[in-house]
């Protein structure tokens with residue numbers, strides 16, 4: 001199952017607590033089943049921090065442990 005996460009330009013990921021983290025364990029990250037919901041979260045975060053450079057990335061959510069993002073990620077903001 002494909003999941004969508006948010007990643008900053010410096011490689012940090014958005015966690016469930018809405019703080020940026022370098023830990024890429026998929027059970028600790030903010031995830032969405034829908035790309036548009038993840039994009040809406042990115043827009044909300046960008047409204048608070050106009051210098052935020054992040055993107056929505058897709059990954060296989062059926063795996064445990066670290067995430068492995070495919071090359072077909074969507075760049076936003």
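The gain in end-to-end length when the residue 1 to residue 51 segment is fully stretched comes to 14.8 nm, 0.36 nm per residue minus the alpha carbon separation.
Each of the peptides 14-21, 48-55 was scored by the mean count of other Cβ atoms within 10 Å over its residues; in descending order, highest first, they stand as 14-21, 48-55.
In the distance distribution for the stretch 2-60, Cα-Cα pairs more than 15 Å apart total 41 percent.
Coordinate-derived values only; no laboratory data. Small disclaimer: the values here were computed from a predicted structure and weren't measured. Every residue, glycine among them, receives a Cβ derived from its backbone with ideal geometry; neighbour counts consider all protein chains shown.
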